[in-house]
Amino acid sequence: MHVTSPVRTPLVTGGKTYADVTEDICKQVEGKPTREWTIAFVISFVVLIYGTCCVFWTWWEGLGVWGLNKTVGWAWDITNFVWWVGIGHAGTLISAILLLFRMKYRTSINRAAEAMTIFAVLCAASFILMHMGRPWLAYWALPLPNAFGSLWVNFNSPLVWDVFAISTYFTVSLVFWYMGLVPDLATIRDRATSKVSRYIYGAFSLGWNGGAKTWARYEYISLILAGISTPLVLSVHTIVSMDFATSVIPGWHTTIFPPYFVAGAIFSGFAMVQNLMLITRVVFKLEDYITFEHIESMNKIITLTGSIVGVAYITEFFIAWYSGVEYERYAFLNRMLGPYWWAYWAMMTCNVISPQLFWSRKIRRSVTWTFVLSVIVNIGMWFERFVIIVTSLHRDYLPSSWAMFSPTMFDIGDYIFSFGLFFTLFLLFAKFLPVINMFEVKAIIRSASEKLPKSVSGVAKGESVTSPTFNKNVE
Amino acid sequence: MSHHNDSAKFLVGVYDDDEVVLKAVTEVKSAGVRIHEVYTPFPIHGLDVALGHPRTRIGIAAFLFGLTGFLTMVSLTYYTMGYDWPMIIGGKDNYAYPAYIPVMFELTVLFTALGMVGTFLVSNGLGPTVKPLMFDLRSTDNKFVMAIDLSKNKQSEVEIASVLRASGAAEVNVKQF
């Protein structure tokens, strides 16, 4: 039924059968936690507790514990917010946009990438709550009537758009991810040996039985969810960029921001997916599912989006000069040569130069290079947001109010909190839910397996597999 | 599917391969046997068409939910910005609708997603307390399972079993609920 050219490189190696897929993925859920997992979980949890204390103190004492001053009123909080939202974008890109493009390689990575999206958006939202200072009044951002003592929210403001964008994005991503999980949860339910897990996975699998009519509707809603998530994900970072672009601050007031932010978001998100997947594939022994083809395909997207980001940086500079506005020119020269030059050049090196190394096939198929460069990309993307936010603010129109920003232990501690939250949630996900979408992998295995057996489920385990010899240079 | 009475008796054909089960549906139907449903571990394209299931209309529901979301935000922005407490911002109209397009879009997407998924769950009878009617537990793993309701077919159990075997079923079992 799946017609695939024999010159395509296989997406799943090792001659897996349908039963092998179930076994390989469910093993992680059903077995006892591994030592590596336990150690990683304990570390993440300790980090989360430390971070929670810092966040609690930030709220208890007030935002004065941060390094903000009257000139730099946004710094690490919004930097971290934009950084995490950006990371989240890759999950939606993989699950929605690659689905619309019928990219089959997404099937091995979409589950974990979507989980990453949800956890990253939670981390981002936590910075919104933190920077409010009084999080118990967060509901004031909702359009509530005057009885609460305030006017209606101003729908002209991108900050209000952001409230709607982030909450919609979180909800829709969660629904999309959960709907994707339901058939796989049913698989775990039907294999479960203990009463507790049969009950829990039974409840979460919603009574799924995989009937043809249900599947037909399921495929239909998946397609529509992908169709609406695609413009949604583009709108989210567009709106985040408008938080800056609609202001009149030199360095922020830039029409290039929406596409530039979206490209940067996908860029950093794919780097985070690489980091998570490279670890998961080794710890959970999923090398047959997350192959060098997957790593290479993602690296190509990193190179593409990294190049878009690079072009955007240069365009911004050109326009700052070409505009003839002296404040605009100064803002950009100050970024490059001012007191924050090191942040600017860290950003340029990490984001513009390092992804270009992936033009080498050897580097983009190397696990070590990919891991290291992905970390570098995410460091670079953090600095990008820091540069945009802090260097545009710290020297404004009045030289008498020029100031520098330096983080306190609470700026750092609140950032550490988000790492603790992110990795704790990701590890819980990796242990208790199938990290690879089993049913989607099964659906592509016939066209994607190294061997094209007449009956996939009939192939015995460990049977010798001949790999195609002509697939090396064909994409 | 709770409408089945206790005496419902099914013949269950278990297939090993998705392509075989897809062909088997046509063969079993042409032998005059009515198929209750086919259960598979992953979606098989064309299976619903082969079984004669009508095309889903859930897209219409999704559109209507989206429209509801859109109109909700049009009304809310109009009420708050244009009617209840109008303000002149930047010298523009009170109801400066281009600035409200982002929130209108977001609510359209939110309502579409939640409404459509809710409709999907209701129309398929899915929910946290639902006990699924499983004809064979392996149908969520690696087997493709065709269920035949004996009470809805004239042929004998033996006749139907041989049709199933001839169509490529590796096993034929009896399941009573």
Looking only at segment B:110-123, decide whether some residue is within 12 Å of chain A (Cβ to nearest Cβ), of a type in the set (A, V, I, L, M) and not in a helix (DSSP H, G or I). no
Can you name every one of the helices (runs of 4 or more DSSP H) wholly within segment A:12-98 that holds 3 or more residues which are within 22 Å of the chain's Cα centre (by Cα)? A:35-61, A:76-92
Checking A:Leu174 against (1) surrounded by fewer than 22 Cβ atoms within 10 Å (Cβ to Cβ); (2) more than 16 Å from B:Thr119 (Cα to Cα); (3) free of Cβ contacts under 8 Å to residues at least 12 places away in the same chain, which single condition isn't satisfied? (3)
Which one is surrounded by the fewest Cβ atoms within 10 Å (Cβ to Cβ), of the residues in segment A:340-360 that are aromatic (Phe, Trp, Tyr) and in contact (Cβ under 8 Å) with a residue 24 or more places away in the chain? A:Trp359
Residue selected from segment A:232-252 under the condition at the interface with another protein chain (Cβ under 10 Å from one of its Cβ atoms) and hydroxyl-bearing (Ser, Thr, Tyr), by the criterion farthest from the chain's Cα centre (by Cα): A:Thr246
Please go through (1) touching a Ser or Thr at 6+ places or on another chain (Cβ under 7 Å); (2) within 7 Å of another protein chain (Cβ to nearest Cβ) for A:Ser229 and return the number of the only condition it doesn't satisfy. (2)
Residue list for segment A:170-183, restricted to those being at the interface with another protein chain (Cβ under 9 Å from one of its Cβ atoms) and either of a type in the set (A, V, I, L, M, F, W, C) or farther than 25 Å from B:Ala61 by Cβ (or both): A:Val172, A:Val175, A:Phe176, A:Met179, A:Val182
Hey, B:Val21 buried (at least 21 other Cβ atoms within 10 Å of the Cβ), part of a helix (DSSP H, G or I) and touching a Phe, Trp or Tyr at 6+ places or on another chain (Cβ under 7 Å) or not: yes
Tabulated pairs, segment A:14-30, first in contact (Cβ under 8 Å) with a residue 40 or more places away in the chain, second among the small types (Gly, Ala, Ser) and assigned to a loop (DSSP other than H, G, I, E, B), C-beta under 8 angstrom, 6+ apart or interchain: A:Asp20/A:Gly14; A:Glu30/A:Ala192
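Tell me yes or no: at least one residue of segment A:256-264 is outside any loop (DSSP other than H, G, I, E, B) and under 30 Å from A:Thr38 (Cβ atoms).
Taking segment A:256-264 first, the residues outside any loop (DSSP other than H, G, I, E, B) are A:257-264.
Within this subset, residues satisfying the condition of being under 30 Å from A:Thr38 (Cβ atoms) are none.
No; the residues of segment A:256-264 include none that is outside any loop (DSSP other than H, G, I, E, B) and under 30 Å from A:Thr38 (Cβ atoms).
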Determine which single condition B:Leu11 fails, assuming it passes every other condition in (1) more than 10 Å from every other protein chain (Cβ to nearest Cβ); (2) under 23 Å from the mean Cα position of the chain (by Cα); (3) surrounded by 15 or more Cβ atoms within 10 Å (Cβ to Cβ); (4) at pLDDT below 95. (2)
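Could you list, in sequence order, the residues of segment A:250-293 that are of a type in the set (Val, Ile, Thr) and over 30 Å from A:Phe318 (Cβ atoms)? Give the steps one after another, and end with the answer.
Step one: of segment A:250-293, the residues of a type in the set (Val, Ile, Thr) are A:254-256, A:262, A:266, A:273, A:279-280, A:282-283, A:290-291.
A:Val273, A:Ile279, A:Thr280, A:Val282, A:Val283, A:Ile290, A:Thr291 - these are the residues of segment A:250-293 that are of a type in the set (Val, Ile, Thr) and over 30 Å from A:Phe318 (Cβ atoms).
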How many of the residues making up segment A:43-95 are crowded, with 18+ Cβ neighbours inside 10 Å and of a type in the set (Gly, Ala, Ser)? 8
Which residues, taken from segment B:24-46, are touching an Asp or Glu at 6+ places or on another chain (Cβ under 8 Å), under 12 Å from B:Ala147 (Cα atoms) and surrounded by 22 or more Cβ atoms within 10 Å (Cβ to Cβ)? B:His36, B:Tyr39, B:Thr40
Which condition number in (1) facing chain A (nearest Cβ under 9 Å); (2) over 14 Å from A:Trp208 (Cβ atoms) is the one that B:Gly91 fails? (1)
Hey, any hits in segment B:24-46 for a residue that's under 30 Å from A:Val160 (Cβ atoms), of a type in the set (Gly, Ala, Ser) and at the interface with chain A (Cβ under 9 Å from one of its Cβ atoms)? no
Any residue in segment B:131-146 that's more than 8 Å from chain A (Cβ to nearest Cβ) and buried (at least 24 other Cβ atoms within 10 Å of the Cβ): show its pairings with residues that are in a helix (DSSP H, G or I) and among the acidic types (Asp, Glu) at Cβ separation under 9 Å, as long as the two are six or more apart or on different chains. B:Phe144/B:Asp18
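From the list A:Leu137, A:Leu142, pick out the single residue that is in contact (Cβ under 8 Å) with a residue 12 or more places away in the chain and more than 8 Å from every other protein chain (Cβ to nearest Cβ). Full working, then the answer.
On the way: A:Leu137 fails: in contact (Cβ under 8 Å) with a residue 12 or more places away in the chain.
From the options A:Leu137, A:Leu142, the qualifying one is A:Leu142.
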By residue number, the members of segment A:196-226 that are in contact (Cβ under 8 Å) with a residue 60 or more places away in the chain and at the interface with chain B (Cβ under 7 Å from one of its Cβ atoms) are A:Leu225
Could you say whether any residue in segment A:205-221 is in contact with a strand residue (DSSP E or B) (Cβ under 8 Å, 6 or more places away or on another chain), assigned to a helix (DSSP H, G or I) and surrounded by 22 or more Cβ atoms within 10 Å (Cβ to Cβ)? yes
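Identify all residues within segment A:256-268 that are crowded, with 20+ Cβ neighbours inside 10 Å and either polar (S, T, N, Q) or touching a Ser or Thr at 6+ places or on another chain (Cβ under 8 Å) (or both); write none if there are none.
Taking segment A:256-268 and keeping what is crowded, with 20+ Cβ neighbours inside 10 Å, we get A:257, A:260-268.
Selection gives A:Phe257, A:Tyr260, A:Phe261, A:Val262, A:Ala263, A:Gly264, A:Ile266, A:Phe267, A:Ser268.
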Of the residues in segment B:67-84, those that are surrounded by 14 or more Cβ atoms within 10 Å (Cβ to Cβ), within 18 Å of A:Leu144 (Cα to Cα) and either at the interface with chain A (Cβ under 9 Å from one of its Cβ atoms) or of a type in the set (S, T, N, Q) (or both) come to B:Thr72, B:Met73, B:Leu76, B:Thr77, B:Tyr79, B:Thr80, B:Met81
Considering only segment B:102-109, I want to know if a residue exists there that is facing chain A (nearest Cβ under 8 Å) and either surrounded by fewer than 17 Cβ atoms within 10 Å (Cβ to Cβ) or in a strand (DSSP E or B) (or both). no
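The values are calculated or read from the model by the stated rules, or taken from the named source; none is laboratory data. If you're wondering where the values come from, they're calculated on a predicted model, not measured in any experiment. Cβ: placed from backbone, ideal geometry, glycine included. Neighbour counts: every protein chain shown.
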